[in-house]
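Reading through the structure tokens given below for one structure.
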Amino acid sequence: MVHNNNEITTIDIFKFISAFFVVSIHVSPFKNIPIFHEGFWVIQRCAVPYFFITSGYFFFIHYKDSYLKYLKKYIVRILILYIFWGGIYFPFLVKRFYVLEKHSILQIVKLIVLDGGGGHLWYLPASILAVLLTIVCYKIIGKIRTIFISLLLLIIGTIYSTYRPIMDELNLSPGLLDVFVSNIGFRNGLFGGFFYIAFGGIIAFKHDYNLFSSYYILIILGILLILSPLEGILVSNHFYVNDKDFWLMAIPISTSLFICSLNINIKINYNIAVILRNCSTLIYFSHILFYRFLLKVNIINSSGLLSFFLTFLISFIFSYSVILFQKKVKCLKYIY
């Protein structure tokens, strides 16, 4: 597939915006305004799916050309990122789960392997598992069946996270499936990343994706964005929602958003786009560190617009600085 710089730069812009929303997930800029806070849940939760889709898209573009060689390179790159950032966040993990919540060492190991340590790093092991699942399923059952099965798993994950209170109230507990999901969790490559990686792969293999009308996709996306706050408001007002990771409306919004980013050319300097791309990755990984530091020194509150913008700004400055220093310290490229 041939893809031009304008196409890639548009994706980079959307990735940077997604990083902005990832920070908002953890800092909650509208926490003190309930209707905005609840209505904003769905939109901001489209950020991580967009990261998954772009990862799947670019993986399968390169995978077609170099096959197992690129798969090995991809897995090694993700593992390096996970080891580095996991090492930075490991003390927080031990304090939370071992010291405060009294989890066993075995439970902590499971959290690290399957759930990214119970934090935002779950995206990394989930990406590896989702890519491997997609490759195997593409070969065994084909691309279309893979999409349907992975979508079903995503819906199951959504039901077991955000919609779990509704199941409990209706006394719907599907036995062995309930035990399975409860033990491995839902923030992983099976339930949380598989569909989005597979969807990105489908788009990568579809040479004529420009047949999607930008006009109609924009209209659909606009309608979905307008309706999306209703899901968050209705669910939170009728049920106590503990986990807010997955939302049903996030599925069509994130996929439509990616198609839009392929069909709409936002022309900016390619070098700037590369900076935005790398900053989005570094902001994703580092913002929790700066958020915790700002809280520790009592500069910010746990939520609010000021806390959000200050956390994002410092994360961005750090990310941009790393990119600049990487020209002199070459090994820095391995942390993003």
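Below is a table of values for the structure above.
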| item | result |
| --- | --- |
| Number of positions in segment 309-336 that are in a helix (DSSP H, G or I), of a type in the set (S, T, Y) and surrounded by 20 or more Cβ atoms within 10 Å (Cβ to Cβ) | 3 |
| Segment 144-155 residues that are within 18 Å of A204 (Cβ to Cβ) and at pLDDT 95 or above, paired with ones that are among the small types (G, A, S) and part of a helix (DSSP H, G or I) (beta carbon under 8 Å, 6 or more apart) | T146/A198; I147/A198; S150/A198 |
| Failed item, numbered, when F60 is tested on (1) at pLDDT 90 or above; (2) within 19 Å of T281 (Cα to Cα); (3) not hydroxyl-bearing (S, T, Y) | (2) |
| Top-ranked residue of segment 297-308 - restricted to ones that are surrounded by 15 or more Cβ atoms within 10 Å (Cβ to Cβ) and out of contact with any Leu (no Cβ under 8 Å at 6 or more places or on another chain), ranked as modelled with the highest pLDDT | F308 |
| Residue ID - farthest from H238 (Cα to Cα), chosen from residues in segment 28-58 that are more than 10 Å from the chain's Cα centre (by Cα) and part of a loop (DSSP other than H, G, I, E, B) | P29 |
| Candidate set: segment 280-308, residues that are assigned to a helix (DSSP H, G or I), in contact (Cβ under 8 Å) with a residue 24 or more places away in the chain and more than 12 Å from V22 (Cβ to Cβ); chosen: the one nearest to the chain's Cα centre (by Cα) | L289 |
| Test: residue in segment 279-291 that is over 30 Å from F90 (Cα atoms), surrounded by fewer than 20 Cβ atoms within 10 Å (Cβ to Cβ) and either of a type outside the set (K, R) or in contact with a Ser or Thr (Cβ under 8 Å, 6 or more places away or on another chain) (or both) | no |
| Close pairs (7 angstrom Cβ cut-off, 6 or more residues apart or separate chains): modelled with pLDDT of 85 or more and hydroxyl-bearing (S, T, Y) in segment 26-38, part of a helix (DSSP H, G or I) and crowded, with 17+ Cβ neighbours inside 10 Å anywhere | S28/H37 |
| Filter result for Y291 (over 18 Å from I53 (Cα atoms), of a type in the set (F, W, Y) and modelled with pLDDT of 90 or more) | yes |
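The values are calculated or read from the model by the stated rules, or taken from the named source; none is laboratory data. Owing to the predicted nature of the structure, the values given are computational and were not obtained by experimental measurement. All Cβ positions, even for glycine, are placed from backbone atoms using ideal geometry, and neighbour counts span all protein chains on display.
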